[in-house]
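Student: Below: one structure in structure tokens.
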Amino acid sequence: MNWDWQVVDDFMPKFWDGVLVTLQALGWGTLIAFSLGLVWAIALRSDQKWITWPVAAVTEFIRNTPLLVQLFFLFYVVPEWGPTMSPLTTGIIGLGLHYSTYTAEVYRAGIEGVPVGQWEAATALSLSKRRTWTAVILPQAIRRVIPALGNYVVAMLKDSPMISAIGALDMLGEGRAFSDTTFTTEALTVVGVAFIVIAYPASLLLRALERRLVR
Amino acid sequence: MMSEKFFTEWFLPGIWITVQVTVYSAALALAVSFLIGTLRTSPLWIVRFASGTYFEIFRGTSALVMMFWMAYAVPSLLGIQFVPMAAGVLALGLTYGAYGSEIVRGALAAVAPAQREAGIALNFTKAQRLRKIELPQAWPEMIPPFNNLLIELLKGTALVSTIAVADMTFAGNLLRLAKGDSAPIYTLLLVIYFVFAFLLTRGMRLLERQANRRMGKTPPEKTGFLSGLRSKSATDAVTGTGGAK
């Protein structure tokens, strides 16, 4: 057993920097995942084949390939013909894009769960397509999928350390940098425990939310 | 794109390493799933508590952090040194096993209570009941969520490249460093992972059909080419929860 609390103390300032970066990645990633996922879900319900087919193909591809390789692709390939982005920005886009393909499925399930009568009522009231979605379907669909969406935020939190592989200094990135320069390993343990400490209460909270919102 | 030497010395072995890591960690995850999943249905509270703690801890950690911890922190903390591949397989198997235990627990809980009662009436021991009545009936229910989890695991194997296991992602990174030309190799990598996921799904579909036939059930409806990669199931592979969908 080889453990030194002094090392933990020295790591703490760096650790909090890392927490901040992780939370930034998570917050912005969630925003992208939630909004882009909704776009995918609505596009997949279109009756135009030329919209649904490419969207289905792209989302299936993104969902079934590793986020890590996608991050490498975004970080090393995209700048060859597109904008050069910082590791954190790349990470946020990667996380958001990857998880948008999951949230699309969640929204889809929620939309399918809205009774057909609601669509018919909207037609009977001659609501426009936009009003049908924004005033009738989505409010009912989203309410019941909020806990499922929340579960994906926790999943995204656990995938967020992958952005350290392209050089972002999130919790794991800071932990690795600290361990490598000081030849210690306590920082990695601290980071590991921190993930459990954040993820466990979050999942408890979601379970409580699920009991309240879903019946 | 890559020289023949690179292809035979790094890329092909890399693909083979990815396959190996997938198989080993899937086997470990399956064992952990069944062990923890059945223990979580135990009538003894202490057993339920211990297995539940395992579930919460390993579901709460990030697989990548766990991998770094196994590879670099465990040797100095506990004095056990793993070869890099073992550290990767352990981290993947233990975390995905925790997700899988929820699948096993859920499927066991879904077996009709009358089946268990019939077993009691026939004077079966607890182990006999589990082995001959409950698990065989729960098994077909488990396959679709296991399929999704297996694809998540396959995607997770790319993480071993970060602890210097020479899988195909590692080979891709090497090629980028050597040649500076990253577009073709990363595109190829993504396509190979996608093809692997597709093949795994086909295999799991066969398994599912066979399991359902053995149960005397009709096979599930046919699905489209692209929509068929993921199975619809009540248990969520990514979040490891009985999803609210």
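The values are calculated or read from the model by the stated rules, or taken from the named source; none is laboratory data. These numbers come from a predicted model, not from an experiment. When we count neighbours, we look across all protein chains shown, and the Cβ atoms used for this are built from the backbone with ideal geometry, even at glycine.
Student: Which of the residues spanning segment A:116-151 are touching a residue at least 60 places away in the same chain (Cβ under 8 Å) and either charged (D, E, K, R) or within 20 Å of A:Val197 (Cβ to Cβ) (or both)?
Tutor: A:Arg143, A:Arg144, listed by residue number.
Student: If you go through segment B:37-44 one residue at a time, do you hit one that is crowded, with 19+ Cβ neighbours inside 10 Å, of a type in the set (Val, Ile, Thr) and farther than 22 Å from A:Lys158 by Cβ? Working first, answer last.
Tutor: From segment B:37-44, those crowded, with 19+ Cβ neighbours inside 10 Å are B:37-40; that's our starting set.
If we keep only those that are of a type in the set (Val, Ile, Thr) too, we end up with B:38.
Narrowing the set further to residues that are farther than 22 Å from A:Lys158 by Cβ leaves B:38.
Looking through segment B:37-44, at least one residue is crowded, with 19+ Cβ neighbours inside 10 Å, of a type in the set (Val, Ile, Thr) and farther than 22 Å from A:Lys158 by Cβ.
Student: Which residue pairs have Cβ atoms under 7 Å apart, sit 6 or more places apart or on different chains, and have a first residue in segment B:1-19 that is closer than 15 Å to B:Ile185 by Cβ and a second that is part of a helix (DSSP H, G or I) and of a type in the set (Gly, Ala, Ser)?
Tutor: B:Trp10/B:Ala171; B:Phe11/B:Ala171; B:Gly14/B:Ala171
Student: In the set B:Val111, B:Val165, B:Val160, which member is out of contact with any Cys (no Cβ under 8 Å at 6 or more places or on another chain), closer than 25 Å to B:Arg213 by Cα and either outside any helix (DSSP H, G or I) or among the β-branched types (Val, Ile, Thr) (or both)?
Tutor: Step by step, each of B:Val111, B:Val165, B:Val160 is checked, and only B:Val111 is out of contact with any Cys (no Cβ under 8 Å at 6 or more places or on another chain), closer than 25 Å to B:Arg213 by Cα and either outside any helix (DSSP H, G or I) or among the β-branched types (Val, Ile, Thr) (or both).
Student: In this structure, does B:Glu117 turn out to be in contact with a strand residue (DSSP E or B) (Cβ under 8 Å, 6 or more places away or on another chain), assigned to a helix (DSSP H, G or I) and either of a type in the set (D, E, K, R) or at pLDDT 90 or above (or both)?
Tutor: no
Student: Moving to a separate point now. Counting only residues that are away from chain B (no Cβ under 14 Å) and either surrounded by fewer than 19 Cβ atoms within 10 Å (Cβ to Cβ) or over 21 Å from A:Gly18 (Cα atoms) (or both), which one in segment A:77-97 is farthest from the chain's Cα centre (by Cα)?
Tutor: To start, the set of residues in segment A:77-97 that are away from chain B (no Cβ under 14 Å) comprises A:83, A:85-89, A:92-93, A:96.
Add one more test, that the residue is either surrounded by fewer than 19 Cβ atoms within 10 Å (Cβ to Cβ) or over 21 Å from A:Gly18 (Cα atoms) (or both), and what stays is A:83, A:85-86, A:89.
Details: A:Pro83: 22, A:Met85: 19, A:Ser86: 19, A:Thr89: 14 Å.
Residue satisfying both the conditions and the ranking: A:Pro83.
Student: Looking at this structure, is A:Ala155 in a helix (DSSP H, G or I) and either hydrophobic (A, V, I, L, M, F, W, C) or modelled with pLDDT of 90 or more (or both)?
Tutor: yes
Student: Okay, moving on. Could you list, ordered by first residue, the pairs with Cβ atoms under 6 Å in which the first is in segment A:163-176 and closer than 16 Å to A:Ile92 by Cβ and the second is of a type outside the set (S, T, N, Q) and part of a loop (DSSP other than H, G, I, E, B), at least 6 apart or interchain?
Tutor: A:Ile163/A:Asp170; A:Ser164/A:Asp170
Student: Got a sec? Which of A:Arg45, A:Arg63, A:Arg108 is within 11 Å of chain B (Cβ to nearest Cβ), basic (Lys, Arg) and farther than 17 Å from B:Phe194 by Cβ?
Tutor: The match here is A:Arg108.
Student: Something else now. A:Leu71: under 21 Å from A:Met162 (Cα atoms), part of a helix (DSSP H, G or I), in contact with a Gly (Cβ under 7 Å, 6 or more places away or on another chain) and within 14 Å of chain B (Cβ to nearest Cβ), yes or no?
Tutor: When the stated conditions are applied, A:Leu71 passes them.
Student: For segment A:41-76, what are the residues that are surrounded by 23 or more Cβ atoms within 10 Å (Cβ to Cβ), hydrophobic (A, V, I, L, M, F, W, C) and closer than 27 Å to A:Leu138 by Cβ?
Tutor: Within segment A:41-76, just A:Ala41 meets the criteria.
Student: Can you pull out the residues in segment B:75-91 that are more than 13 Å from B:Ser25 (Cα to Cα), more than 13 Å from chain A (Cβ to nearest Cβ) and surrounded by 14 or more Cβ atoms within 10 Å (Cβ to Cβ)?
Tutor: We begin by selecting, within segment B:75-91, every residue more than 13 Å from B:Ser25 (Cα to Cα); these are B:75-84.
Subset that is more than 13 Å from chain A (Cβ to nearest Cβ): B:82-84.
Result: B:Phe82, B:Pro84.
Student: Still on this structure, I have one more. What's the number of the condition B:Glu221 fails, among (1) surrounded by fewer than 16 Cβ atoms within 10 Å (Cβ to Cβ); (2) under 28 Å from B:Val104 (Cα atoms); (3) modelled with pLDDT of 80 or more?
Tutor: Going through (1) surrounded by fewer than 16 Cβ atoms within 10 Å (Cβ to Cβ); (2) under 28 Å from B:Val104 (Cα atoms); (3) modelled with pLDDT of 80 or more one by one, B:Glu221 breaks only (3).
Student: Can you run down the residue pairs with Cβ atoms below 6 Å, 6 or more apart or on separate chains, where the first is in segment B:116-134 and closer than 15 Å to B:Gly37 by Cβ and the partner is surrounded by 12 or more Cβ atoms within 10 Å (Cβ to Cβ) and not aromatic (Phe, Trp, Tyr)?
Tutor: Every condition considered, the pairs that remain are B:Glu134/B:Leu108; B:Glu134/B:Val111.
Student: Scan the helices (runs of 4 or more DSSP H) fully inside segment B:1-97 and keep the ones with 2 or more residues being among the small types (Gly, Ala, Ser), at pLDDT below 95 and more than 19 Å from B:Leu154 (Cβ to Cβ).
Tutor: Hits in segment B:1-97: B:45-60.
Student: Looking for something more than 11 Å from chain B (Cβ to nearest Cβ), outside any helix (DSSP H, G or I), out of contact with any strand residue (DSSP E or B) (no Cβ under 6 Å at 6 or more places or on another chain) and not polar (S, T, N, Q) - is there at least one such residue anywhere in segment A:131-146?
Tutor: No, segment A:131-146 has no match at all.
Student: Within segment A:113-128, can one find any residue that is in a helix (DSSP H, G or I) and surrounded by 20 or more Cβ atoms within 10 Å (Cβ to Cβ)? Break it down into steps so the answer makes sense when it comes.
Tutor: Pass one, segment A:113-128, residues in a helix (DSSP H, G or I): A:116-124.
Restricting the remaining residues to those that are surrounded by 20 or more Cβ atoms within 10 Å (Cβ to Cβ) gives none.
No, because not a single residue in segment A:113-128 is in a helix (DSSP H, G or I) and surrounded by 20 or more Cβ atoms within 10 Å (Cβ to Cβ).
Student: If a residue has to be surrounded by 16 or more Cβ atoms within 10 Å (Cβ to Cβ) and either facing chain B (nearest Cβ under 10 Å) or not in a helix (DSSP H, G or I) (or both) to count, how many in segment A:174-189 make the cut?
Tutor: Residues that pass the stated criteria total 9.
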